[in-house]
There are 2 protein chains.
Amino acid sequence: MKNDCSYIGCKQDFIDAKEKVTGKAKYLDDMNFPGMLYAKILRSPHPHARILSIDVSKAEELPGVKAVITAKDCPANKFGMEIADVTMLAIDKVRYVGDEIAALAADSEEIAEEAIKLIDVKYELLNVVDDVEKAMLPESALVHENIKNNIVKEYHISRDNVDEDFSRCDYVFESEFSTHRVSGCYMEPFGAVAKWEENGRLTIWTGLQSLFQGRNEIAKALGIEPSRITVKSPFIGGGFGAKIWIRNFHPIVAVLAQKTNAPVKYVLTREEEMLTTRPRVAPKIKLKLGMMKDGTLVCKESKIIADNGAYSWAAPKVLLNMAMRTDCLYRFKSTRTDAYLVYTNLIPTSGFRGYGNSQMHFALESFIDTCCRRIGLDPVKVKLKNAVQRGDLTLHGWKIKSCGLTECIDKAYKYIQENRLPKEEQNGRIKRGIGIACMNHVSGNRGGTKFDGSSAMIRIHEDGKVFVFSGEADMGQGAKTVFAQIAAEVLGVDIADITVMPLDTDISPFGLGTYSSRVTTVGGKAVYLAAGKVKKQIMEYASKVLEKPEDKLIIKNGRIMFMEDENIGITLKKLCESGIRTRDAIPFTAYITYDPPTEGTDASFYGDYSSAYTYGAHGVEVEVDTMTGKVKVLRIVAAHDVGKIINKNGVLGQINGGVAQGIGWTLYENMVFQDGKPLSNGLKNYILMTIKDMPEIASVVVETNDPIGPFGAKGIGEPTLIPTAPAIANAIEDAIGIRIKDLPITSEKVFWAIKEKEEGGR
Amino acid sequence: MKNDCSYIGCKQDFIDAKEKVTGKAKYLDDMNFPGMLYAKILRSPHPHARILSIDVSKAEELPGVKAVITAKDCPANKFGMEIADVTMLAIDKVRYVGDEIAALAADSEEIAEEAIKLIDVKYELLNVVDDVEKAMLPESALVHENIKNNIVKEYHISRDNVDEDFSRCDYVFESEFSTHRVSGCYMEPFGAVAKWEENGRLTIWTGLQSLFQGRNEIAKALGIEPSRITVKSPFIGGGFGAKIWIRNFHPIVAVLAQKTNAPVKYVLTREEEMLTTRPRVAPKIKLKLGMMKDGTLVCKESKIIADNGAYSWAAPKVLLNMAMRTDCLYRFKSTRTDAYLVYTNLIPTSGFRGYGNSQMHFALESFIDTCCRRIGLDPVKVKLKNAVQRGDLTLHGWKIKSCGLTECIDKAYKYIQENRLPKEEQNGRIKRGIGIACMNHVSGNRGGTKFDGSSAMIRIHEDGKVFVFSGEADMGQGAKTVFAQIAAEVLGVDIADITVMPLDTDISPFGLGTYSSRVTTVGGKAVYLAAGKVKKQIMEYASKVLEKPEDKLIIKNGRIMFMEDENIGITLKKLCESGIRTRDAIPFTAYITYDPPTEGTDASFYGDYSSAYTYGAHGVEVEVDTMTGKVKVLRIVAAHDVGKIINKNGVLGQINGGVAQGIGWTLYENMVFQDGKPLSNGLKNYILMTIKDMPEIASVVVETNDPIGPFGAKGIGEPTLIPTAPAIANAIEDAIGIRIKDLPITSEKVFWAIKEKEEGGR
């Protein structure tokens, strides 16, 4: 296949790289409009409090302040993704530190900031709910008065007979794990500009991952019809899940723009981002595992209590993934999960790269490893023995159409074995170990039987240049480049002749957005099909012009030629120039809607629901300084089944980024709270991994040529982060014989664990 | 048919009326961008001169001036519509008063204006070419050195044997007519804002009638690919043909924006509009007419010498229409035309409502009338006798698929006869007369065998709201409303649920633009077909949801219902809401390209080339004050075959506007030149008819249900002006027995003609 392809699988520079590196690319904060005002939002300093009064009079009097709003000035509509539980400004009560209370628009940011300080709010403090287990007790305060026991959502999912299976297992293990809140810390803080048009329509510029779903939410909050709103996306500086859904500021700026009859801009400061981002859902996970002596994994039981935070965004969906997805990594015979999502007075959580799957992978991949070690089995052999394979129908009903799991494990293990350093140094102070962890994930995710597809439009202009329209966002990951490559490849034109159009809900074909690692596989497939349809139009017209049957013509490098004699032909440019003014040619245009051939799931969540399932394995070597507890990752090998590489630069970028974010999650990053109050309120006290901490990364790409994805491609956005944490934890046990079950694995935690072990406690 | 239709044929308020009357609609000059600069252009004060030197240094030194450009700073590419003969700034020579020499961009309009005065140009004056007949002589100066005898274009078209036919006619008449330059005087002066985007693309906001053709011309001038340019249209305040094609300022602002790296705005002052608009092509027409005693019109010969002005825009096409179109108004057996288009050092002419056809109608409809009077025949009876009829194949190959000419003549004549006043008053000082003139025109105009169609896209959003995309411009005539009506009618939804999207060449489906009275007939048909395609998608999905065959369902008022029981059904809104998230429904979207079923013309211009031909007749009663020569139009009846009314408000508006503009052309408006220098340089010395001069207008609409147009509709944009001038001239002869053959018919001209007649000269 490769020999026929010009763009697929190559190292393609991102098509917007030049704009970005020259600083020309316009991000939201670069956007300015005549008469534009600047918004600021007053946020709660308390995790849980009743609002007794709000006095905005002093703020209103400050010269340059154009409007001050509180909940009484706004529609009281609740919005949210699955559960509508939030209003744009707090009514009666605040539920976390950062909760929006009042907002204003002023002539400058400085005035707005000054004015915010003049708003006087009187509170009655309430009991703070900050522990999920306590939150579920009858005596707990309620975050939302109508939600009993603070339980937002629960799932009870079982396949086959777990109890019977446990009873016949050679070994049954039980343990508990937990993961914590981390922040996306994308380069570009989130924001929006709102402007009401003369015809009564609202335009919102914002860097959402999912423009159409965002538009719906904004409409719901404002109580207007979605089609009255145009959401447009400038360049976006990352999102990692925290920009899939809207924030309160989206409807807030719309209300301010309406009140002031002016465009209003709002961009979060880094501190506000830290207060109001959408961190990873933090669960406590109890696992029970049933195995046979020969290493066969038989059954698994999980109990999850996850911290939702104060309002519910994607957390219910995240919990569902957490509850189910790893069950399909190995050939379990039976599983049972009871999962609870609990409101607390902490920052609302949501989907974050891995979307729940990463949390459960940490638990399960850690647990299997430690269980194997306990009974003297090689964890790698156990994983190989139980790994799912192509052709499997998993216990949740997934149909595995391509699977490189075994190959990923093999290659990761081989690499890490061959490159490992001696196990000890400095008389045993430095200890080294290796660990392997596996992963599975999706490429698109059909909710029930809902649409999981994407649309694309391709239009060729009269100079032969190609415009590609998609509704899927490029957060910086390179979606535009992948779409351009696919279109160039199918159409047989130079990628420089392709423009991928910016996102605009009025114009962009409907797409669900950038999440579930779906953009290349599903969005790319729509582009692939649209390009194929346009190519057909081109070839039909070329066949008339060249007087040669279509099937005797080829298109290459923007020129349609006789198959048997490439000297005879016509360039696409010339064909279009002649075409646009003739009756046959029409502007070549195709509009396609594509939905992958999966059935979706039934009421018990059983069914094949992703276009393609992805697999990978990370191998890690760490060294632990037993005197300080400091863990250093020496090297990582990241082996991933991507189906087929579209852009090698993109795949390697995802691997580097995912691994870095994975190490950060495991060892460095932590949103710390005390009595419900966040202590990490900026990058000064929230530790991100820097280039100095970055280990050597070896990338291994496995191509399994998925039968559904475009050119065989599958998603690689989220997978690269998923196995990093358990691989590190496994390597730590290999080095020092200690299992750390709670993220993050800080030096302090390791230090005290070593101390405890030395004292014989463990 | 009418009973089944909700929107077709009704009096529909323009869908953008509210925005316009409340002043909210944004026209070009309302657009502002941060950092925007203002351009001014230095124009030639001489009709013909060599540029010896240009010194811009003082202008450059003025604080606030950001860039000054002359031809040497610009691409030297020639552009233009049929003949590329103009550069954006003059090289070596200026060819008319108003020709662009230098341009600059500054922080404010005031600074720009000040700076323009500081540019020092030295000229060598050249002989002025300002008379078409002298221009063709060998001794004439040449406007363009490479064009011999100043003849830009000539046509020699003959059908059958004219010479033989003249030899057997009972009567052969010869005479000469002429028409003059008039200006469109649309409400909104033309202008543009140019902005280079970060990705190297150019955006131009401008109110062009033909965005895609404009984009091509701008690209040609700049020497870049059309697809690198986005042309966007704000609201447009009229054009009448003068905004079909670009002006020099379009590429000029693009160059200024590039040099200054800032958005640059340029809007013509009314004085500059008068200098550089695109007035009506001014021809001298010699006619020879062969008739039989019974009134049969047998043959016709024309010689046209038309004044092109200094550069060629649509004038060649205008001349072709002038040369041919009236030949198909009556059943002539043979015709011959020799037509010449001649460069002069006057303002360049182009297409103006009627597009050449109005000029020849003045000549021919005046001539037939006066010939009939001379031989004692009733001109109305002669016209009725010779009028083309449905089913005719005309001598130029037109296939007449619908024709209301006879009915229009009958109704116009009956009305004007019944309402006429006494022939004389004040002892003969005031004399009254009536006149009738007919017209034909096109609805779209295929050039050769080129594309003459239009594209449309219709998209239904998830709240059931409908977006209509077309590439055809609404100049204020109501195209958006007509498209909305057609879509509402086909889809069975409320017109309030339809949004017609603004024009943008990146997004709008390809359309040729607003000219040739094609928008409703051709653009509307594309919308009609796209709506039909979307309706099919809706009904297919509704059939699944309602479990009822498609042909047993209807859609009405936005609700799909059982035909047999309208209580069972689902609203489109609900269907879309459910649809967008299900696998079946997809966002309902259709993209259509439509080209009317006409063959076009061969090398001799023979062939059927318009989707539909339109017909009409005006009846006029005038009174002439024989003491002053002043002509007053008392009443006009305008009978028009529109095929089928889409929007009655729109049709009546076109009739009122066309008649007013027709009277203005006939009696009031005149661009006067002296030695090549324009004397009419603003509305203070260019007389527009005002409301006080407006006669009573009776509108008669004839519906012939054209088989091709949407719902049977044909174009009505241009026709309404075409017969006004000859009808007035005919009424004047009826009143005072004097034939005025040269427009305009000023009081002075009538006064001297009366004098001459009294002295027995005539």
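Counting only residues that are away from chain B (no Cβ under 13 Å) and of a type in the set (A, V, I, L, M, F, W, C), region A:203-217 holds 3 of them.
Of all residues in region B:287-298, none satisfies the criterion of being open to solvent by 10 Å² or more (accessible area, probe 1.4 Å) and in contact with a Ser or Thr (Cβ under 7 Å, 6 or more places away or on another chain).
Can you tell me which residue in region A:507-552 is farthest from A:PRO707 (Cα to Cα), limited to those that are of a type in the set (A, V, I, L, M, F, W, C) and at the interface with chain B (Cβ under 10 Å from one of its Cβ atoms)?
Residue satisfying both the conditions and the ranking: A:ILE507.
B:ASN427 - would you say it is open to solvent by 10 Å² or more (accessible area, probe 1.4 Å) and at positive phi? Yes, satisfied. The requirement of being within 14 Å of chain A (Cβ to nearest Cβ) and either surrounded by fewer than 20 Cβ atoms within 10 Å (Cβ to Cβ) or out of contact with any strand residue (DSSP E or B) (no Cβ under 8 Å at 6 or more places or on another chain) (or both) is satisfied by B:ASP452. Does A:ILE495 meet the test of being buried (at least 24 other Cβ atoms within 10 Å of the Cβ) and among the β-branched types (Val, Ile, Thr)? For A:ILE495, the condition - buried (at least 24 other Cβ atoms within 10 Å of the Cβ) and among the β-branched types (Val, Ile, Thr) - is not met.
Considering only residues of region A:256-282 that are β-branched (Val, Ile, Thr) and open to solvent by 10 Å² or more (accessible area, probe 1.4 Å), which is farthest from the chain's Cα centre (by Cα)?
Here is the first cut: in region A:256-282, the ones β-branched (Val, Ile, Thr) are A:260, A:264, A:267, A:269, A:276-277, A:281.
Among the residues that remain, those that are also open to solvent by 10 Å² or more (accessible area, probe 1.4 Å) are: A:260, A:267, A:269.
Working: A:THR260: 35, A:VAL267: 21, A:THR269: 22 Å.
So the residue we want is A:THR260.
The test for being within 30 Å of B:ASP463 (Cβ to Cβ), in a loop (DSSP other than H, G, I, E, B) and not hydrophobic (A, V, I, L, M, F, W, C) holds for A:ASN199. Being part of a helix (DSSP H, G or I), open to solvent by 20 Å² or more (accessible area, probe 1.4 Å), in contact (Cβ under 8 Å) with a residue 60 or more places away in the chain and of a type outside the set (A, V, I, L, M), is that true of even one residue in region B:730-746? Yes - at least one qualifying residue is present in region B:730-746.
None of A:GLY391, A:GLY356 is closer than 27 Å to A:ALA612 by Cα and touching a residue at least 24 places away in the same chain (Cβ under 8 Å) except A:GLY356.
For every residue, the table says whether it meets (1) buried (at least 24 other Cβ atoms within 10 Å of the Cβ); (2) among the charged types (D, E, K, R); (3) at pLDDT 95 or above.
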{"residue": "A:ALA456", "(1), (2), (3)": "yes, no, yes"}
{"residue": "A:ASP463", "(1), (2), (3)": "no, yes, no"}
{"residue": "A:PHE467", "(1), (2), (3)": "no, no, yes"}
{"residue": "A:SER470", "(1), (2), (3)": "yes, no, yes"}
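Taking region B:587-628 as the region of interest, how many residues are away from every other protein chain (no Cβ under 13 Å) and open to solvent by 30 Å² or more (accessible area, probe 1.4 Å)? Here the count works out to 9.
Taking every residue in region B:3-31 that is more than 9 Å from every other protein chain (Cβ to nearest Cβ) and part of a loop (DSSP other than H, G, I, E, B) and pairing it with any residue that is at pLDDT below 95 and open to solvent by 70 Å² or more (accessible area, probe 1.4 Å), at least 6 positions away or on another chain, the pairs with Cβ-Cβ distances below 7 Å are B:GLY9/B:LYS2.
Here A:VAL490 meets the list (1) in a helix (DSSP H, G or I); (2) buried (at least 24 other Cβ atoms within 10 Å of the Cβ); (3) touching a Lys or Arg at 6+ places or on another chain (Cβ under 9 Å) almost entirely, failing just condition (2).
Looking only at region A:233-250, decide whether some residue is assigned to a helix (DSSP H, G or I), within 23 Å of the chain's Cα centre (by Cα), away from chain B (no Cβ under 13 Å) and touching a residue at least 40 places away in the same chain (Cβ under 8 Å). I'd like the intermediate steps shown before the answer.
Just the residues of region A:233-250 that are assigned to a helix (DSSP H, G or I), to begin with: A:249-250.
Narrowing the set further to residues that are within 23 Å of the chain's Cα centre (by Cα) leaves A:249-250.
If we keep only those that are away from chain B (no Cβ under 13 Å) too, we end up with A:249-250.
Next, from what is left, pick out any that are touching a residue at least 40 places away in the same chain (Cβ under 8 Å): A:249-250.
Scanning region A:233-250 turns up at least one residue that is assigned to a helix (DSSP H, G or I), within 23 Å of the chain's Cα centre (by Cα), away from chain B (no Cβ under 13 Å) and touching a residue at least 40 places away in the same chain (Cβ under 8 Å).
Residues in region B:75-110 that are open to solvent by 60 Å² or more (accessible area, probe 1.4 Å) and either within 22 Å of B:GLY35 (Cβ to Cβ) or among the charged types (D, E, K, R) (or both): 6 in all.
Limited to region B:488-506, what total is found for residues that are within 14 Å of chain A (Cβ to nearest Cβ), farther than 25 Å from B:PRO226 by Cβ and aliphatic (A, V, I, L, M)?
So the answer is 3.
Take the residues in region A:34-54 that are facing chain B (nearest Cβ under 9 Å) and surrounded by fewer than 17 Cβ atoms within 10 Å (Cβ to Cβ), then tell me which one is nearest to A:LYS259 (Cα to Cα). If you could, list the steps in order and put the result at the bottom.
Of all residues in region A:34-54, those facing chain B (nearest Cβ under 9 Å) come to A:34-36.
Keeping just the survivors that are surrounded by fewer than 17 Cβ atoms within 10 Å (Cβ to Cβ) gives A:34-35.
On the way: A:PRO34: 17, A:GLY35: 14 Å.
This residue is A:GLY35.
Checked across region A:299-321, the condition of being open to solvent by 20 Å² or more (accessible area, probe 1.4 Å) and without any contact (Cβ under 8 Å) to a residue 40 or more places away in the chain holds for at least one residue.
Tally time: how many residues in region B:461-482 are aromatic (Phe, Trp, Tyr) and either part of a loop (DSSP other than H, G, I, E, B) or over 19 Å from B:VAL231 (Cβ atoms) (or both)? So the answer is 1. The set of residues from region B:63-74 being crowded, with 17+ Cβ neighbours inside 10 Å and not in a helix (DSSP H, G or I) comprises B:VAL65, B:LYS66, B:ALA67, B:VAL68, B:ILE69, B:THR70, B:CYS74. For region A:143-169, the set of residues classified as open to solvent by less than 10 Å² (accessible area, probe 1.4 Å) and more than 24 Å from A:TYR606 (Cβ to Cβ) consists of A:VAL143, A:HIS144, A:ASN150, listed by residue number.
In region B:323-348, how many are within 30 Å of B:GLY376 (Cβ to Cβ) and either outside any strand (DSSP E or B) or open to solvent by less than 10 Å² (accessible area, probe 1.4 Å) (or both)?
Step one: filter region B:323-348 for residues within 30 Å of B:GLY376 (Cβ to Cβ), giving B:325-337.
Checking the rest, the ones that are also either outside any strand (DSSP E or B) or open to solvent by less than 10 Å² (accessible area, probe 1.4 Å) (or both) come to B:325-335, B:337.
The total comes to 12.
The set of residues in region A:117-142 being within 33 Å of the chain's Cα centre (by Cα) and surrounded by 14 or more Cβ atoms within 10 Å (Cβ to Cβ) consists of A:VAL128, A:VAL129, A:ASP130, A:ASP131, A:VAL132, A:LYS134, A:ALA135, A:MET136, A:SER140, A:ALA141, A:LEU142.
Just to verify a result, which residue in region B:170-180, among those that are out of contact with any Lys or Arg (no Cβ under 6 Å at 6 or more places or on another chain) and either crowded, with 18+ Cβ neighbours inside 10 Å or within 14 Å of chain A (Cβ to nearest Cβ) (or both), is farthest from B:CYS371 (Cα to Cα)? This residue is B:HIS180.
Taking the condition within 30 Å of A:LYS383 (Cα to Cα) and of a type outside the set (Gly, Ala, Ser), does A:LYS259 pass? Steps first, answer last, please.
Working: within 30 Å of A:LYS383 (Cα to Cα): no; of a type outside the set (Gly, Ala, Ser): yes.
So A:LYS259 fails the test.
The values are calculated or read from the model by the stated rules, or taken from the named source; none is laboratory data. None of these values were measured; they are calculated from a predicted model. Note that each Cβ is placed from the backbone with ideal geometry, even for glycine, and that neighbours are counted across all protein chains shown. Just so you know, the surface numbers come from the protein's heavy atoms only, side chains and all, with ligands and any DNA or RNA stripped out. Shrake-Rupley method; radii C 1.70, N 1.55, O 1.52, S 1.80 Å.
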